[in-house]
Structure formats: C-alpha cells, structure tokens
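The values are calculated or read from the model by the stated rules, or taken from the named source; none is laboratory data. Just so you know, these numbers come straight off a predicted model, no measurement behind them. When we count neighbours, we look across all protein chains shown, and the Cβ atoms used for this are built from the backbone with ideal geometry, even at glycine.
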Amino acid sequence: MDLNLWKNKKKELKLTNQDIANNAQLPLRTVEQIMCGKVKNPRIDTVEAIEKVLGLNQFRGWTPEEKAAGVGRRAIYLSDEEYDWLEIRSEILRVKGEDYLNTLTNMLEAITKDENNQVKK
C-alpha cells in the first residue's frame with residue numbers, strides 16, 4: 001500500500017473520501033482512517049477495493065496463506081456463505097444506515113442466544 005500514491009491519485013481524480021467509501025462499499029470512517037495514516041495495515045480486501053476505485057488495480061498475487069492471514073488484525077479467509085452475509089450487511093448499511101443494521105444485529109444475536117439456551121435445556 002503506497003499511501004502517497006493513493007493520495008495523489010485521489011487528488012487527480014478529484015475524489016473525496018466519501019466517494020471512495022461509496023464506490024468501494026466501505027465505511028467512510030475506514031477510508032478516512034486509512035487515508036490519514038491512522039490505519040497502517042488495512043485488510044487485503046480493503047486495499048484491493050480502494051485501489052480499484054482509484055484505478056490502480058495493483059494486483060499483488062496474494063497467496064491463499066497471505067489472504068488467510070490478512071494484512072491487519074483480521075483474516076479474510078471466508079466461505080462463500082460468509083462473503084454473501086458480508087455483502088448483505090454492506091448493502092443494509094448502505095441503504096438503511098448504521099442504526100438499522102445495529103437493530104438487526106441485536107435481533108439476530110437475541111435469537112441466537114435464545115436458540116442456544118433452548119438447545120442446552
């Protein structure tokens with residue numbers, strides 16, 4: 001990740017952080033923290049999404065092991081079903097907002113806890 005290159009390309013394309021976030025389907029805060037240098041090692045999928053928006057598409061040839069390890073704290077080795085859930089989550093966040101997503105998440109957690117308690121009995 002070459003932050004200076006990203007910033008120059010962003011300026012050249014006259015994009016805002018909001019433009020990048022929308023087009024990369026990332027939270028604005030994530031893009032802001034990366035662009036200001038606060039996040040030093042973003043996840044591989046985040047790097048790829050931002051570079052795609054900036055027209056850089058610097059394919060690095062990540063190995064499955066590198067993808068599983070991720071660049072930052074989180075691994076990105078996910079099943080197709082998990083990717084589908086992330087896509088749905090991103091779309092809900094984009095269309096309905098964070099409060100709506102939090103409400104749905106809380107409901108799902110409550111259902112899961114209730115079902116787990118019933119199974120244990």
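Could you check segment 1-47 for helices (runs of 4 or more DSSP H) lying wholly inside it with 1 or more residues that are over 25 Å from E87 (Cβ atoms)?
3-12
Specify the residue that is modelled with the highest pLDDT; the eligible residues are those in segment 73-91 that are more than 18 Å from Q25 (Cβ to Cβ) and not in a helix (DSSP H, G or I).
S79
Restricting attention to segment 92-121, which residues are at pLDDT below 90, surrounded by 11 or more Cβ atoms within 10 Å (Cβ to Cβ) and more than 24 Å from N41 (Cβ to Cβ)?
The one that is at pLDDT below 90, surrounded by 11 or more Cβ atoms within 10 Å (Cβ to Cβ) and more than 24 Å from N41 (Cβ to Cβ): R94.
Taking only segment 40-67 into account, find how many residues are modelled with pLDDT of 85 or more, exposed (fewer than 11 other Cβ atoms within 10 Å of the Cβ) and of a type in the set (D, E, K, R).
Total satisfying the criteria: 0.
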